[in-house]
Every structure is written in structure tokens, then in C-alpha cells.
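Trainee: Before I ask anything, let me first share the structure, which is written out below as C-alpha cells.
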Amino acid sequence: INTTGISMAGAYPMGAGEWDTMLWFAFQLGDYGTQNQRALAFIAELGYQFTSTPWTPWLRMGLAYASGDSNPDNSDNGTFFNMVPTNHKWYGYADTTAFSNIIDLYNQVLLKPHKKVFLGLEGHIFWLASDDEVWIGGAGPFNDSAFGYAFRNPAPGNNIESFLGGEIDITLSFNATEYLILQTGYSHFFGAKGVKAVFDRENQLDWFYAQATIPITLGK
């Protein structure tokens, strides 16, 4: 599979802060097994940061789209293949979805209450890009025997539903020292019809984590 794309980013001072924009587009051609790969994806973001205000609030919103296969019976595969992604950085920390057959409408509020403290609040709303393709999760192949993706088919008797639901994410980081970063976070996923079609008895998910990072600088 060949992936070709273009990206543009800019920052523009205005008033008490700075506007920022980002556009990213990619399309794929090649072979997906015995099918022809014909897929595309794009991301568009807009933000404004109050650079001269306490806590320097940074407000952002965006739309991410990765195509799904609108006709599974023909010789083309229209589902964007995201190789080996790190999904939770971009599509919700709970990792409910891969960047395949997905529409993600999201917003972010990023705050810096102290020079060593960072607070992030995010919200996501998810739909399937095509309701002829199933809900896809996973982070891609990690060895020769695992494809690394889950194709979540509806339970017997159910149809594919495009609206998956929403997610809220709260993260808190503390740069304790030059060599120690502490972080904790909480996420809640509110499943909608698309999730209930797959998991008949449960459509909610909670995720909590805490981690410590020790940065290491190698010599030149």
C-alpha cells in the first residue's frame, strides 16, 4: 500500500493570543490482499491560545476522517489502513477506535496553571464513516502472527449502526524534576447505538492510568 499526502500548519498572532490551523490529507493506492486499495483520510484543526492570560488557555477543535469501505462486495478496499498507529494520543485515550472507517469530531482545552503543571480536557464524538463497514479497533500488527486490528461485527440479529457515541478525557501532567514527569488521566466512553449493536449488554467504558516518565538524553 502506498500512502501519499500533504500537510499544512500555521500560527497567526491576533489580539491577546494566537490562532493556529492544521490541515492534513492522505490517500492510499495499492493492494490490500486480493483487493485494490482505494482509501483516503483527512484531519482539519483550528485553535486559539491566549498567550498573555493566566494559565495560557488553548482552545482547539478538529475533525478527523478515515474512509470506510462503502461496497465490501466489489474488488476495491475503501477502508483507510493506518499501519501501526498510536491511536490514544489522537482519537481518545480509551483506545476504542482505530483511524479506519471513523469520523471523529473533537475539542480540546489545554491549560498551564503552573510552569510545571499541564491540564488537558478533551471531548470526542464518533461515527462510522461508512455503515457498510464494521467498527474497527486496534493498533496494527506488532509481530508476524498478529494483524493487530479488531473488526467488531454486530451481534447476531443486529445491523451496523453508524453512531458510536462520545468520550471525555482528563489528563494532568507534572514535571517534578528535569528527569521525572508524572502523569495521570481518566476517560469515560459513552456508547451509543453503534456500540450496543456489537455489545448487547454493555456500552460504557472507564479508563484510568498513572505513569512516570524518566527522560534520557543520549550523547551526540
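Trainee: Suppose we filter 176, 150, 197, 192 for residues that are in contact with a Pro (Cβ under 6 Å, 6 or more places away or on another chain), open to solvent by less than 60 Å² (accessible area, probe 1.4 Å) and either closer than 19 Å to residue 86 by Cα or among the small types (Gly, Ala, Ser) (or both); which single one remains? Outline the logic, then answer.
Mentor: Working: 176 fails: in contact with a Pro (Cβ under 6 Å, 6 or more places away or on another chain); 150 fails: in contact with a Pro (Cβ under 6 Å, 6 or more places away or on another chain); 192 fails: in contact with a Pro (Cβ under 6 Å, 6 or more places away or on another chain).
Just one listed residue meets the conditions, 197.
Trainee: Additional query: Residues in the stretch 83-99: is at least one outside any strand (DSSP E or B), more than 22 Å from residue 188 (Cβ to Cβ) and polar (S, T, N, Q)?
Mentor: no
Trainee: If a residue must be aliphatic (A, V, I, L, M) and in a strand (DSSP E or B), how many such residues does the stretch 126-145 contain? Spell out how you get there, then give the answer.
Mentor: Within the stretch 126-145, the first condition is being aliphatic (A, V, I, L, M), and the residues that meet it are 128-129, 134, 136, 139.
Narrowing further to those that are in a strand (DSSP E or B): 136.
Selection size over the stretch 126-145: 1.
Trainee: Right, something else. Here is a check on your reading of the model: is residue 69 in contact (Cβ under 8 Å) with a residue 40 or more places away in the chain, outside any strand (DSSP E or B) and among the acidic types (Asp, Glu)? Walk me through how you get there before you give the answer.
Mentor: On the way: in contact (Cβ under 8 Å) with a residue 40 or more places away in the chain: yes; outside any strand (DSSP E or B): yes; among the acidic types (Asp, Glu): yes.
Considered against the rule, which asks whether it is in contact (Cβ under 8 Å) with a residue 40 or more places away in the chain, outside any strand (DSSP E or B) and among the acidic types (Asp, Glu), residue 69 comes out as yes.
Trainee: Looking at the stretch 30-49 only, could you name the residues that are part of a strand (DSSP E or B), farther than 18 Å from residue 129 by Cβ and open to solvent by 70 Å² or more (accessible area, probe 1.4 Å)?
Mentor: Selection gives 31, 46.
Trainee: Can you tell me which of 38, 60 is under 19 Å from residue 125 (Cα atoms) and of a type in the set (Lys, Arg)? It would help to see each step written out before you state the result.
Mentor: Values: 38 fails: under 19 Å from residue 125 (Cα atoms).
60 is the lone residue from the list that is under 19 Å from residue 125 (Cα atoms) and of a type in the set (Lys, Arg).
The values are calculated or read from the model by the stated rules, or taken from the named source; none is laboratory data. Computed from a predicted model, the values in this text were never measured in an experiment. So basically every Cβ, Gly included, is an ideal-geometry build from the backbone, and we count neighbours across all protein chains shown. With ligands, DNA and RNA removed, areas are computed over all heavy atoms of the protein, side chains included. Shrake-Rupley method; radii C 1.70, N 1.55, O 1.52, S 1.80 Å.
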